[in-house]
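The values are calculated or read from the model by the stated rules, or taken from the named source; none is laboratory data. Because the structure is predicted, anything quoted here is derived from the model rather than measured. FYI the Cβ positions are ideal-geometry reconstructions off the backbone, even for glycines, and counts take in every protein chain you see.
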Amino acid sequence: MRRKGILAIGICALLGLAAPFAQAAQLRGVTLVEAEDGSTRAVLDLSKPADYKLFTLANPDRLVLDLSGSSLAGGFRAPSPNGVVSGLRTGKPSENDLRVVFDLAAGVQPRSRIEREGDSARLVVELIGGKGGSAKAAPARTIEDVIGRGERKLIIAIDAGHGGKDPGAIGPTRKFEKDITLAMARELAAQIDADPGMQAFLVRDRDVFIPLHERYQRAREAQADLFISIHADAAHNKAAAGASVYVLSLRGASSEAARWLADQENAADLVGGVELDARDKNLAAVLLDLSQNATMRVSDDVAGEVLAALKGVGKTHKHQIERANFVVLRSPDVPSMLVETGFITNPGEEARLSDPAYRKRMAGAIVTGVRNYFSVQAPPGTWYAARQGTLGGSRQHLVSRGETLTLIAQRHGVPVNSIRAANKLKDDTVRVGERLTIPLAGGAMAGLPE
C-alpha cells in the first residue's frame, strides 16, 4: 500500500485561527452527487468548521479524509454509492479525530473547500477524474442499485417542514409540527427506498433548522427528480380537516426568476445546461422561463396523481391542487410540491398524524401517486423509463379544474384530435378528475390532422 498523492490541507475553517477548536465538530451526514462530466462531489454536513487533512491511496483506490477534533453525530448513515464512490467507511485514527474513507472505482484528483452556514459548515470535496479523463462510475453492488446498464434510480428529495428552533404549528395536546413532519418524512423515505426504481434524499433527517431557500438548493445539489415538502396544516377553526397538495403559483415563479437573474451567484448556475453568465440577459430570461414552465407542468401532473391517491386514504381539504407562493417550491428546474398531511390543530387529525400506522398509509398514498406519474412519464435513462411503454407510447394526464381539452393538448404538444382518438371522446368535454391518455409525439396517433 502506498500513498499516490498527499493533499494535506490544514485549515481552521473560515476563522483564520491556528489553534484547534475548543469543542468537537460532529459529522452529521454525507451527500454524494455525480456530475455530467463524470466527476463526483461529496458534501459533508458538519456541526461546526473543523481542521482537516485529505490524501489519496492506491491499490485499491481510496480517498482518506481526517477531521481533527471531530466525531460522528448520533444517527449518522453512510450514503448509497454514487459516481466514482463505491462505498464509504468511518473510523478513529486517534482518540479525538475522525477518519472518513471513500472507496473509489478509479483514481481521482481531489479539490476541497469549507462553506460556513451560520454556526455549522459544509466541507465540499470535488473528486475529479485522473489521467485519461473523468472518473468512471462506480459499479452497482446489488441488482436493486441499478437494474441493467444505465438505468438509474429516480431521486426523490423529501423535506420535513420546520425543525430546530422553528416548531411549526402546535396541536391541542402539544404535538409539534416539526416532529410530525420528520416522522412522516422518514416513513416516506423508507417506502421510496423500497421501490426498485427510486431513492430517497432526506433534506432534513434530524431536529435542525434549515433556511427555506437552502432546502430546495440541497435538493438541486442531490440532482433530485422531484421535491416533496411535508407539512401539517393549522387553522383557527379546529374542525378544519383533510390533506392538501400545493404547487407553486405563477407569482412565486416570477419573483424567483427575477431573483435568479439579479443574483450574480445564481446567474452563474446552470439552467437547462446553459451557463447564464455567459449569455445575453434576455436569452437567459427566456431559458429560465422555459425551464420553469416545464418544471411547473411536471409539478402539476405529479401533484394531481398524489392528490388522487390521498383521496383513497381519507378526506382531502380541497378537491383540486392548490397554488401558493411557498419559497420551498421555487426551484426552477426541480418539479416540486408541498403536501399538507392534515390539520394538526384538529384534535382527531393530531391523533391520526401521531399514529405510525396512519402515517404509513399516508406515505403509501404519496408513493403511489409518484409511482403512477413516473410509470408513464419517466425521465430517459431511469429504471422506470426502461419499463415504460406498456401503454403503447402514451402518458397519462389527470384533468384539473379550469383545464380544457385544447389547453391539455397545448401543454403536451400534441393535436387535440390525437387525444380525442386515444380516449374515444365524442367531443371536447373533459371532467375534473378524469384520467386521459396522451399519445406521445411520434406515436401512432400523433400525426392525425386537426
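Assorted remarks:
- Some residue of region 334-348 being part of a helix (DSSP H, G or I) and crowded, with 18+ Cβ neighbours inside 10 Å: no
- Yes/no for residue 352 being touching a Leu at 6+ places or on another chain (Cβ under 9 Å) and modelled with pLDDT of 90 or more: no
- Meets criteria (surrounded by 17 or more Cβ atoms within 10 Å (Cβ to Cβ) and either assigned to a loop (DSSP other than H, G, I, E, B) or in contact (Cβ under 8 Å) with a residue 12 or more places away in the chain (or both)) for residue 78: no
- Candidate set: region 197-219, residues that are surrounded by fewer than 18 Cβ atoms within 10 Å (Cβ to Cβ) and either polar (S, T, N, Q) or under 26 Å from residue 295 (Cβ atoms) (or both); chosen: the one farthest from the chain's Cα centre (by Cα): 211
- In region 355-376, the residues that are touching a helix residue (DSSP H, G or I) at 6+ places or on another chain (Cβ under 7 Å) and outside any helix (DSSP H, G or I): 375
- Residue match in region 198-214 (condition: over 19 Å from residue 370 (Cβ atoms) and in contact with a Ser or Thr (Cβ under 7 Å, 6 or more places away or on another chain)): no
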